[in-house]
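Below: one structure, written as structure tokens.
Nothing in this text is a laboratory measurement; each read-out follows from the coordinates by a stated rule. As the structure is a computational prediction, the values presented were derived from the model and not from experiment. Quick reminder, even Gly has a Cβ in these numbers, built from the backbone with ideal geometry, and neighbours come from all protein chains shown.
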Amino acid sequence: MTDLDFTRNTVLVVGGSSGIGNGIAHAFRRRGASVHVWGTRATAADYANEEGSDLAGLGYAQVDASDFAAVAAVKPAFDKLDVLVLAQGTVLYKRGEFSMAGFQKVMDVNLGSLMACATKFHPMLKAAQGSIITISSTAAYHATIGNPAYNASKAAAVALTRTLAVAWAGDGIRVNGIAPGLVDTKLTRVTTKNPERLAASLQGIPAKRLGTPEDMAGAALFLASPLAAYIYGQTIPVDGGLILT
């Protein structure tokens, strides 16, 4: 077995129906894992025409991870879990996060649901001596003037990753994270589909390109593998150098 062979591993990607999560899910699938994803739509077929979504070869379940009672009650389609990837996320534009209802919605999805899912699967991950990978954002490290909840939730996700890593290291669970930069997904279309905003953003990225879900998947495979066996509580920026400038 090579270090990046996940045969006989079971992986769950929460938020794996599209975007970064979907790219990560397929990266594990291609390396032999049995991969399940959670999304918010009723069936996998409801994502058939969604850009950045491919559910072929993946198990699918509808679970709203921001409904903490639903997460606690769900009966998963698997009885063992080796890797839990927490890729769920949302953002509200047009100052939607400046109302308390909008702020709370984003915090529930981007932060509260991480804890709900992590605690839900703690017993399985302990039994498997498994790994948790959170997906935060480089927004955790700088201000995002129009999105206070997104910014606060992503910074908190980095802190939660550190804390769970310490709390659960004795259980044999490694907890780490990835902080994507500007990745071309549906959440970033407000920038990527606007030529002027995109050009300005690319000026601040030393790599001079957007990130892709596949770029994020490479980091996830590494963090879940034996190559990262001595890495605990770290969130790795995968951003083309964005936060260096």
(message) How much length would be gained if the chain were fully extended between Leu198 and Ala61, taking 0.36 nm per residue of separation minus their Cα-Cα distance, in nm to one decimal?
(response) 45.9 nm
(request) Would you mind checking the tilt of helix 19-30 against the longest principal axis of the Cα atoms of the chain, expressed as 0 to 90 degrees and rounded to 10? (result) 30
(message) Normalised by the empirical 2.2 N^0.38 Å for globular proteins, what value does the Cα Rg of the range 4-54 take?
(response) 1.11
(request) Would you mind checking the tilt of helix 213-224 against the longest principal axis of the Cα atoms of the chain, expressed as 0 to 90 degrees and rounded to 10? (result) 40
(request) Compute log10 of I(q)/I(0) for the chain with the Debye formula, placing one identical point scatterer on every Cα and leaving out solvent, at q = 0.11 Å⁻¹, to two decimals. (result) -0.53
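First measure r as the distance between the Cβ atoms of Ile145 and Ala42, then evaluate 1/(1 + (r/R0)^6) with R0 = 35 Å and state the FRET efficiency to the nearest 0.05.
So, using R0 = 35 Å, E works out to roughly 0.45.
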(request) Could you sort out which of Lys105/Lys208; Lys75/Lys105; Lys75/Lys154; Lys94/Lys154; Lys75/Lys186; Lys80/Lys154 sit more than 26 Å apart by Cα distance in this structure? (result) Lys105/Lys208; Lys75/Lys154; Lys75/Lys186; Lys80/Lys154
(message) Just to confirm the number: angle between the C-alpha axis of helix 113-128 and the first principal axis of the chain, 0 to 90 degrees, nearest 10?
(response) 30
(request) Report the extension gain between Ala101 and Asp54 in nm, rounded to one decimal, defined as 0.36 nm multiplied by the number of residues separating them, less their alpha carbon distance. (result) 13.8 nm
